[in-house]
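J.: Have a look at the structure that comes next, please.
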């Protein structure tokens, strides 16, 4: 509980040195949200419009706007909890992007991409739990912001959950279906090959029988003429 209480504290006096440090850290976090707009710029410049999804635009636009409100009116310990947790996750995320840009030699080791999405969804659940605890202990923080943050986190859980399902879970049946189709094609091909080989052997056998019968008839005719 001693680790949680510092983040549940209310807005301290602005003359406090600790409060100024927290507010300064939140200001730099707000600047990082503006820098993240470059993701969208790079996607557009590289013509990867499929990555400029509703989730992408919603995430960047709302985070920048809401954190402007945060650093202007509630730049304290309560806001710092969510900011430092989100910043840590973004360090992992951009580490993945940096390694992925190194080429195929590194990309084969990046099997943990889907777990980044899972960690992000865990983050939103932790945010809801932390906010609910703040309401329970009656933290000195605007209650309407608490309820708004809970609703905001739920929207992210829905959007990221849909992204995870569409990206990682929905593709599994398609892969299984493709493998089954390939297996059927191979089995049909082998069966057709065997049937063709069998038909070919039968044809050759019939031809040999016919040649033997014709040669036997010729021999008989030759003997009859001699007699």
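Since every read-out is calculated from the coordinates, none of them should be taken as a lab result. Since we're looking at a predicted model, the values are computed, not measured. With ideal geometry, Cβ positions are generated from the backbone for all residues, glycine too; neighbour counts draw on all protein chains shown.
J.: May I ask you to compute the full-extension gain from residue 43 to residue 111, defined as 0.36 nm times their residue separation minus their alpha-carbon distance, rounded to one decimal in nm?
T.: Roughly 22.2 nm would be gained on extension.
J.: For the pair residue 102 and residue 133, what calculated FRET efficiency results from E = 1/(1 + (r/R0)^6), where r is the Cβ-Cβ distance and R0 = 30 Å, to the nearest 0.05?
T.: The pair residue 133/residue 102 has a calculated efficiency of 0.15.
J.: What fraction of the Cα pairs in the stretch 43-136, stated in percent, has a spacing above 16 angstrom?
T.: Every Cα pair in the stretch 43-136 considered, those over 16 Å come to 69 percent.
J.: For the stretch 5-169, what does the convex hull of the Cα positions come to per residue, in cubic angstrom?
T.: Normalising the Cα hull of the stretch 5-169 by residue number yields 125 Å³.
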